[in-house]
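Engineer: Please read through the structure below; I'll follow up with questions.
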Amino acid sequence: MNNYTHDTAPTQFVETGGIRFAYRRFGNMAAGRTPVVFFQHFIGNLDDHDPAISDGFAADREVILFNNTGVASTSGVVPDTIEQMATDAGTFLDALGLTVVDLVGHSMGGLVAQQVAIQRPELVRRLVLVGTGPRGGVGIGEMPAETAALFGVKLPRQEDMWLPILFAPTETSQKLGREYVERIVARKDRDASPFGEQVYAGQGTAIHTYGTTKDPAYALLKNIKVPVLVVNGTDDTIIATINSYILQQFLPNAELVIYPDANHGAHFQYPGRFVTHTKLFLDRQDTTAG
């Protein structure tokens with residue numbers, strides 16, 4: 001057990017394959033549980049993860065947050081395919097000496113996490129997919145212009161951009177969204193530098209290609225043999241909630257949780273529920289566990 005929290009864990013670096021990866025590693029490493037690695041959403045970095053979630057997990061397991069290639073404090077050029085992002089993520093995990101991990105992927109991070117599970121099945125024990133969908137899913141990579149414009153808004157406190165993207169327009173959801181923003185800005189050395197055009201372009205191309213490359217009958221999902229927990233809100237306006245139902249129906253071993261009055265960041269809106277539900281899933285012993 002180390003004494004670090006989400007807000008105090010130092011940023012570390014590991015170099016492998018010509019890339020210098022930035023990451024933070026904290027939590028209860030002595031509990032004997034599989035480490036949990038978080039995969040980030042579009043244009044998100046280390047500091048956009050929710051402390052209420054990562055600290056909730058860190059109480060009884062190790063948590064690893066990282067910036068993939070070309071993002072913020074990690075060197076290199078952002079890959080323009082989900083497949084290469086997954087390859088790079090696997091390279092990073094290898095460099096840390098990890099042989100088995102649980103993955104939590106949100107939005108684009110969920111696409112990458114699925115691909116890691118396909119490319120590196122021996123590495124992934126369980127998979128948690130939040131606000132995401134399958135390759136060729138409904139509307140993935142085909143975002144309406146008015147929705148896409150939300151990601152380019154400039155604000156006095158830039159983190160407030162996440163309120164209409166991640167949270168429903170209701171009074172309750174927006175209140176909980178503001179609480180999330182306050183949590184993520186609390187870290188004293190938060191990296192608030194703007195993303196360059198290459199991040200938008202590379203990640204945007206990757207999502208568009210992955211989403212518009214159709215997979216008839218979602219056959220690729222059959223290659224993900226591990227248990228999967230799928231989580232979303234009732235009305236995800238970024239990756240439509242129907243995609244979460246598709247994941248649950250076509251993955252060989254998946255269960256689904258839908259949170260009420262919630263949008264793309266349902267787990268940020270209900271961090272306590274999410275931690276509880278996800279820990280139950282990760283810790284459950286059953287005959288289908290990987």
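Engineer: How much net charge surrounds residue 72 when only other residues with a Cβ under 13 Å from its Cβ are counted (Lys, Arg +1; Asp, Glu -1)?
Structural biologist: -1
Engineer: Counting other beta carbons within 10 Å of each residue's own, what order do 74, 34 fall into, fewest first?
Structural biologist: Going from sparsest to densest Cβ surroundings: 34, 74.
Engineer: Suppose each label sits 7 Å from its Cα in the direction of the beta carbon; what would the residue 147-residue 201 distance come out to in nanometres?
Structural biologist: About 2.5 nm separates the two model spin labels.
Engineer: Using 0.36 nm per residue of separation minus the Cα-Cα distance, give me the extension gain between residue 214 and residue 179 in nm, one decimal.
Structural biologist: 8.8 nm
Engineer: Could you line up 135, 273 from fewest to most neighbouring Cβ atoms inside 10 Å?
Structural biologist: Arranged by neighbour count, lowest to highest, 135, 273 become 273, 135.
Engineer: Moving on to the next point. Taking 2.2 N^0.38 Å as the expected size of a compact globular protein, what ratio does the Cα radius of gyration of the chain give against it, to two decimals?
Structural biologist: That ratio works out to 0.91.
Engineer: What does the charge count around residue 267 come to, taking other residues whose C-beta lies under 10 Å from its C-beta (Lys +1, Arg +1, Asp -1, Glu -1)?
Structural biologist: With Lys, Arg at +1 and Asp, Glu at -1, the net is 0.
Engineer: Another question, then. For segment 163-174, what does the Karplus curve 6.51 cos²θ - 1.76 cosθ + 1.60, with θ = phi - 60°, yield as ³J(HN,Hα) per residue in whole Hz, taken in order and with x for Gly and Pro?
Structural biologist: Karplus-based 3J(HN,Hα) across segment 163-174 equals 4, x, 7, 9, 10, 5, x, 6, 4, 5, 5, 5 Hz.
Engineer: Mind putting a number on the dipole of segment 12-283 about its Cα centre? Charges go on the C-beta only, +1 for Lys and Arg and -1 for Asp and Glu, and I need it in Debye to the nearest 20.
Structural biologist: That gives segment 12-283 a dipole magnitude of about 460 debye.
Engineer: Within a 10 angstrom radius of the beta carbon, how do 210, 259, 270 rank from fewest other beta carbons to most?
Structural biologist: 259, 270, 210
Engineer: Among 106, 121, 143, flag the residue with its Cα farthest along the positive direction of the charge dipole of segment 84-171, charges on Cβ as +1 for Lys/Arg and -1 for Asp/Glu.
Structural biologist: So the residue we want is 121.
Engineer: According to a simple spin-label model (label point 7 Å from Cα along Cα-to-Cβ), what is the distance in nm between residue 285 and residue 273?
Structural biologist: 3.0 nm
Engineer: What percent do you get for the relative contact order of the chain when only Cα pairs under 8 Å and 6+ apart count?
Structural biologist: For the chain, the relative contact order is 20 percent.
Engineer: Net charge within 13 Å of residue 107 by Cβ-Cβ distance, Lys/Arg positive one each and Asp/Glu negative one each, not counting residue 107 itself?
Structural biologist: After counting each charged neighbour, the total is -2.
Where a number appears in this text, it was derived from the coordinates with a stated rule and is not lab data. Since the structure is predicted, the reported quantities are computational estimates derived from the model, not experimental observations. Because the Cβ atoms are built from the backbone with ideal geometry, glycine has one as well, and the counts that use them run over all protein chains shown.
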